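What follows is a short report on a single structure.
The values are calculated or read from the model by the stated rules, or taken from the named source; none is laboratory data. Everything numeric here is computed off the predicted structure, so don't read it as measured data. Glycine gets a Cβ as well: all are built from the backbone with ideal geometry, and neighbour counts include every protein chain shown.
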Amino acid sequence: MFAVLFLLPVGSLVYLYMGRTHSRTAVAELEMLGKVTGFQLKNQQNEPISPEILHGKVTIVNFLPKDLAAAKPLADRIGKVHQSFDDTDDVILLSFIEIDTTKTLLERATQLGIEDHTQWYLLGTSAVEWQHLANDIYHLPNPLTGVAMADTSLAIRKLYDINDNQQMGRMVEHIAKVIPKQKRR
């Protein structure tokens, strides 16, 4: 009787307190690293993508090398994040790739395993634009290992290392904290 009347309520309160503390810690880790500013590129469906389209959504950004063999493992890692949020309309994934012509983007997206063309956009750029976006817009010191998360107001909130499982897991937690409350697809 003592366990039901005393230990169960105390245990529940401790559990709730620990969860609240964990949640506050996750939110406190988010920074303000700048705002996503003007660019307009075509995606694999030949649709224009710009920051205006991203407003109101959490955006996950990564950069892929031109070489398909080197790009595939990075796309696979981002694909796992995509699977975590595949049932929501409020998370968009942008994968920038250096490519000579946007005519081959759909084929390249297929080769990289990008099949959800409404949530995961492959955006082709020139080498100069790719570097500009990575360094000046998304503030990634190493574009080939960096992933950026921007919140619904287009503020870049955190950078992650794509090869670090712990950081990628933490990114999923951060996305869950900043994603708007919404209905699932």
Margin query: Going by what's in this entry, would Phe85 be described as within 18 Å of Pro141 (Cα to Cα) and surrounded by 15 or more Cβ atoms within 10 Å (Cβ to Cβ)?
Written below: no
Next item on the list: Give the stretch 47-65 a look and list any residue that's closer than 20 Å to Gln111 by Cβ and exposed (fewer than 13 other Cβ atoms within 10 Å of the Cβ), or say none.
Entry: Glu47
Next item on the list: Mind listing whichever residues of the stretch 28-46 are surrounded by 12 or more Cβ atoms within 10 Å (Cβ to Cβ) and either at pLDDT below 60 or within 23 Å of His82 (Cβ to Cβ) (or both)?
Entry: Glu29, Leu30, Leu33, Val36, Phe39, Leu41, Lys42, Asn43, Gln44, Gln45
Next item on the list: Determine whether His132 is surrounded by fewer than 16 Cβ atoms within 10 Å (Cβ to Cβ), in contact with a Leu (Cβ under 9 Å, 6 or more places away or on another chain) and of a type outside the set (Lys, Arg).
Entry: no
Margin query: If I go through the stretch 66-86 residue by residue, how many of them are of a type in the set (Lys, Arg) and closer than 17 Å to Leu105 by Cα?
Written below: 2
Next item on the list: Could you check how many residues of the stretch 156-176 are surrounded by 16 or more Cβ atoms within 10 Å (Cβ to Cβ), at pLDDT below 90 and out of contact with any Phe, Trp or Tyr (no Cβ under 9 Å at 6 or more places or on another chain)?
Entry: 2
Margin query: Only one of Ala127, Ala150 is aliphatic (A, V, I, L, M), at pLDDT 90 or above and surrounded by 15 or more Cβ atoms within 10 Å (Cβ to Cβ). Can you tell me which?
Written below: Ala150
Next item on the list: Would you check which residues across the stretch 31-46 are assigned to a loop (DSSP other than H, G, I, E, B) and touching a residue at least 24 places away in the same chain (Cβ under 8 Å) and list them?
Entry: Glu31, Met32, Leu33, Gly34, Val36, Thr37, Phe39, Asn43, Gln44, Gln45, Asn46
Next item on the list: Give the number of residues within the stretch 106-157 that are touching a residue at least 24 places away in the same chain (Cβ under 8 Å), at negative phi and part of a loop (DSSP other than H, G, I, E, B).
Entry: 12
